[in-house]
Each structure stands twice: as C-alpha cells, then as structure tokens.
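Beneath this line is the structure, given in structure tokens, with notes to follow.
The values are calculated or read from the model by the stated rules, or taken from the named source; none is laboratory data. For clarity, every value in this text was computed on a predicted model and none was experimentally measured. As a convention, Cβ positions derive from the backbone with ideal geometry for all residues, glycine included, and neighbour counts pool all protein chains shown.
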Amino acid sequence: MKFFIKFEKRLSGLGAFLSALFVIALVLLILTEIFSRTFFDRSTMLADEYSGYFYLASVFLGLGYTFSQKAHIRINILTARLSSDTRRYFDIFAGTITFGVIAFIFYRVTLMMMDAYSFDILSEGVSETPIYLTQIPMIIGSFIFVISLMAFIIKRMKNDS
C-alpha cells in the first residue's frame with residue numbers, strides 16, 4: 001500500500017506540474033496576443049481558442065493534486081459534529097461515491113475522445129485543431145483524480161489521515 005500512496009503522490013505532483021505549465025502557456029499566449037495587437041495591430045487568431053484549451057488542461061490536470069493536498073472546498077457543517085470514527089466512515093462513504101462519479105467521468109471522457117479521433121473531428125476555429133488532442137488532458141487529469149480518490153479511501157480505511 002505504501003507503494004501505491006507514493007505512486008499517487010508522484011502522479012498528482014506530475015499533474016500539478018503539467019497544470020502549472022499550461023497556466024504559464026496560457027499567460028504567455030495572452031501576453032503575445034496583447035503585444036501583437038498593441039504594437040502590430042494584428043491578432044494571432046489562436047488566442048481565444050487555445051486559451052480555452054490551456055485553461056481546461058490546467059483545471060483537469062490539477063484536480064488530483066488539489067484533492068490530495070486537501071485544497072478542495074469541503075462543507076463540514078455535518079461532519080464537524082461527528083466523532084472521529086463516524087467522520088472516518090463518512091469520509092469513506094463520500095470518497096467511494098465520488099470515486100464512482102469521477103470514474104464514470106473518466107470513462108465517458110475517454111469514449112468522447114475516441115469518438116472525436118475516429119470521426120476526425122476538428123475545431124471550428126481558424127486552427128482546425130483535432131479535438132481529440134484537446135481532450136487528452138481531460139483523460140489524464142480525471143485518471144489522476146481517480147487514483148487520488150483511491151489513495152484517499154485507502155488512507156481513511158487505515159485510519160491514516
């Protein structure tokens with residue numbers, strides 16, 4: 001189990017690193033667009049489209065790390081009044097439900113990407129980017145989130161917060 005927990009920590013750290021790279025790329029893209037319009041009165045014609053792709057990638061790739069660092073918003077109005085054992089069981093229950101939802105999202109996003117690839121769907125923007133390429137970070141990010149949820153459930157079962 002220790003191997004799995006270490007694996008999850010490294011994997012979510014890699015997701016956070018990639019997420020940060022996409023945020024940097026997003027900022028550089030927007031700055032390039034501003035610079036190009038200000039000084040050359042021209043547009044890159046890609047900034048709107050790709051800023052959305054970069055934002056999506058940064059959000060999905062950062063989900064697992066955010067969860068493993070306990071940075072997601074938790075409403076603990078109910079759990080704050082519970083005993084530690086009851087809270088632990090509640091966390092296991094909620095983690096299991098969340099695991100099911102995110103695993104389903106991972107499955108559906110994978111199917112969506114496979115459809116986009118098989119039908120050769122292109123974006124409607126100027127770039128005509130293959131849509132399946134923009135969906136890969138969604139698959140990777142939701143997979144990392146699933147692994148983070150598994151690690152959370154295992155830790156709570158072992159009573160290791």
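A few points about this structure:
- Members of the range 48-57 that are in contact (Cβ under 8 Å) with a residue 40 or more places away in the chain and either under 21 Å from GLY95 (Cβ atoms) or under 15 Å from the mean Cα position of the chain (by Cα) (or both): TYR53, LEU56, ALA57
- For ILE121, the requirement of being β-branched (Val, Ile, Thr) and over 20 Å from GLY62 (Cα atoms) is met.
- Residue match in the range 126-145 (condition: part of a helix (DSSP H, G or I), over 28 Å from LYS70 (Cα atoms), free of Cβ contacts under 8 Å to residues at least 60 places away in the same chain and in contact with a Leu (Cβ under 7 Å, 6 or more places away or on another chain)): yes
- Scanning the range 65-84 for residues that are assigned to a helix (DSSP H, G or I) and at pLDDT 90 or above yields a count of 4.
- Scanning the range 42-64 for any residue that is more than 21 Å from SER142 (Cα to Cα), out of contact with any helix residue (DSSP H, G or I) (no Cβ under 7 Å at 6 or more places or on another chain) and assigned to a loop (DSSP other than H, G, I, E, B) turns up at least one such residue.
- Residue within the range 6-25 that is crowded, with 19+ Cβ neighbours inside 10 Å and more than 21 Å from ILE147 (Cα to Cα) present: yes
- A Cβ distance below 6 Å, combined with a sequence gap of six or more or placement on separate chains, defines the contacts here; from the range 100-115, residues that are more than 19 Å from ALA151 (Cα to Cα) and at pLDDT 95 or above reach residues that are among the aromatic types (Phe, Trp, Tyr) and surrounded by 13 or more Cβ atoms within 10 Å (Cβ to Cβ) in the pairs MET113/TYR132.
- Pick from the range 100-125, criterion surrounded by 14 or more Cβ atoms within 10 Å (Cβ to Cβ) and of a type in the set (Ser, Thr, Tyr), ranking: nearest to MET138 (Cα to Cα): THR110
- Within the range 22-47, residues that are without any contact (Cβ under 8 Å) to a residue 24 or more places away in the chain reach partners that are in a loop (DSSP other than H, G, I, E, B) and surrounded by fewer than 12 Cβ atoms within 10 Å (Cβ to Cβ) with beta carbons closer than 8 Å, at six or more positions or on different chains, in the pairs SER36/ARG42.
- Tally of residues being surrounded by fewer than 17 Cβ atoms within 10 Å (Cβ to Cβ) and either at positive phi or within 21 Å of the chain's Cα centre (by Cα) (or both) across the range 76-97: 3
- Some residue of the range 68-85 being among the basic types (Lys, Arg), over 16 Å from GLY15 (Cα atoms) and out of contact with any helix residue (DSSP H, G or I) (no Cβ under 8 Å at 6 or more places or on another chain): yes
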